[in-house]
Amino acid sequence: MTGVIVGCLGGLYSVLSDGKRYDCRARGSFRHDKNPPLVGDRCVFAADEKLGFVIEKLEARKNALIRPSVSNIDYLLVAFAVRSPAPDTLYIDKLTSVAVYNKITPVVAVTKADLDPAAAENLKEIYKKAKIPVFVTSSATGEGVDDLRDFIASHGDATLSFAGASGVGKSSLMNAIFPDLSLKTGAVSEKIERGRHTTRAVSLYPLCDLIDGATGFIADTPGFSMLDFIEFNFFPREELPHTFPEFEEYLGKCRWRDCTHTKEDGCAITEAVARGEIAKSRRESFIKMDEELSKKNVW
């Protein structure tokens with residue numbers, strides 16, 4: 001039989017096939033090949049007399065992310081709070097860059113907008129300039145919830161995944177959009193401004209259960225606070241400029257052909273920042289990411 005992996009817990013995979021869920025184990029060959037199944041994978045599975053249902057084969061993936069650990073994604077909904085915890089634009093920009101490199105459309109969701117409406121609007125402007133769809137939301141007041149739901153509904157045949165740090169309100173926002181999900185939520189520590197990991201594993205939910213006529217999926221993922229570009233091979237350094245959508249129209253227009261867009265005179269991107277066409281924080285993130293990737297000697 002064929003199906004989609006919609007969950008994994010303790011080495012047991014939940015596979016959805018023709019509206020039914022099957023608990024499956026994976027053949028040891030996946031572990032041997034260092035290619036374990038991921039939530040989002042399309043797979044072939046079969047009954048085994050000793051093991052029950054077993055995943056035999058994975059279909060070719062169109063993409064696979066390290067964090068969050070999920071595959072075959074069309075849209076990555078990057079959620080971050082305007083406050084409590086404070087937004088980390090470098091972390092956000094790493095997530096959007098990884099998405100773009102993997103041919104996934106990044107979407108930004110500013111949460112908890114009611115805590116600081118002015119800051120929420122400033123963040124919105126940063127990502128509008130970055131040519132990334134952005135929604136300003138509040139699960140407490142309902143601001144932006146209908147707009148984001150309409151966006152998801154308009155892409156009902158796609159697979160969308162939420163991602164972000166713990167405590168930013170991912171699960172609360174998903175509950176506000178789709179009350180039937182009833183996801184667990186947790187409070188943020190006032191002392192360290194970190195949330196508890198209320199989502200402990202990637203879970204894929206069929207959109208047909210939430211939106212009439214939809215055929216895609218939406219994923220909730222555990223929060224994480226770090227994307228280490230030194231430890232993990234997210235993408236090579238030379239690809240970095242192309243993972244910032246707002247840079248594209250300026251690439252090739254610098255004074256120097258080998259411009260790194262970090263310090264050179266006559267850099268078209270630096271000049272665009274000075275004119276306010278590119279957000280200063282985005283170029284700062286670019287420079288920090290370039291520094292990390294340079295330690296891999298892949299330029």
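Just for the stretch 243-262: of the residues that are touching a Ser or Thr at 6+ places or on another chain (Cβ under 9 Å) and touching a residue at least 40 places away in the same chain (Cβ under 8 Å), which one is farthest from Met289 (Cα to Cα)?
It comes out as Pro245.
Test of understanding: among Asp212, Asp228, Asp220, which residue is under 16 Å from Ser182 (Cα atoms) and of a type outside the set (A, V, I, L, M, F, W, C)? Working first, answer last.
Working: Asp212 fails: under 16 Å from Ser182 (Cα atoms); Asp228 fails: under 16 Å from Ser182 (Cα atoms).
Of the residues listed, the single one that is under 16 Å from Ser182 (Cα atoms) and of a type outside the set (A, V, I, L, M, F, W, C) is Asp220.
Please specify each residue of the stretch 272-282 satisfying the condition of being among the basic types (Lys, Arg) and not in a loop (DSSP other than H, G, I, E, B).
Let us first name the residues in the stretch 272-282 that are among the basic types (Lys, Arg), namely 275, 280, 282.
Residues satisfying the conditions are Lys280, Arg282.
So that you can scan it fast, the table gives a plain yes or no per residue for (1) surrounded by fewer than 11 Cβ atoms within 10 Å (Cβ to Cβ); (2) assigned to a loop (DSSP other than H, G, I, E, B); (3) modelled with pLDDT under 90:
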| site | (1), (2), (3) |
| --- | --- |
| Phe224 | no, yes, yes |
| Lys253 | no, yes, no |
| His261 | no, yes, no |
| Asp265 | yes, yes, no |
| Thr270 | no, no, no |
| Glu284 | no, no, no |
| Ile287 | no, no, no |
| Asn297 | yes, yes, yes |
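So Glu248 ticks every box in (1) touching a His at 6+ places or on another chain (Cβ under 8 Å); (2) surrounded by 14 or more Cβ atoms within 10 Å (Cβ to Cβ); (3) of a type outside the set (Phe, Trp, Tyr); (4) more than 21 Å from Phe162 (Cα to Cα) but one. Which box is left unticked?
So Glu248 meets the others, but not (2).
Select, from Tyr91, Tyr22, Tyr13, the only residue that is out of contact with any strand residue (DSSP E or B) (no Cβ under 6 Å at 6 or more places or on another chain), not basic (Lys, Arg) and not in a loop (DSSP other than H, G, I, E, B).
Details: Tyr22 fails: out of contact with any strand residue (DSSP E or B) (no Cβ under 6 Å at 6 or more places or on another chain); Tyr13 fails: out of contact with any strand residue (DSSP E or B) (no Cβ under 6 Å at 6 or more places or on another chain).
Among Tyr91, Tyr22, Tyr13, only Tyr91 is out of contact with any strand residue (DSSP E or B) (no Cβ under 6 Å at 6 or more places or on another chain), not basic (Lys, Arg) and not in a loop (DSSP other than H, G, I, E, B).
Going by the conditions given, is Val82 modelled with pLDDT of 95 or more and in the same structural domain as Asn122 (by TED's automatic domain parsing)?
Numbers: modelled with pLDDT of 95 or more: yes; in the same structural domain as Asn122 (by TED's automatic domain parsing): yes.
It is true that Val82 is modelled with pLDDT of 95 or more and in the same structural domain as Asn122 (by TED's automatic domain parsing).
Which strands (runs of 3 or more DSSP E) sit wholly inside the stretch 30-85 and have at least 2 residues that are more than 23 Å from the chain's Cα centre (by Cα) and aliphatic (A, V, I, L, M)?
Details: elements: 42-48, 52-58, 75-81.
In the stretch 30-85, the matching strands (runs of 3 or more DSSP E) lie at 42-48, 52-58.
The values are calculated or read from the model by the stated rules, or taken from the named source; none is laboratory data. This structure is a prediction, so every number in the text was calculated from the model and none was measured. Cβ atoms come from the backbone with ideal geometry, glycine included; neighbour counts cover every protein chain shown.
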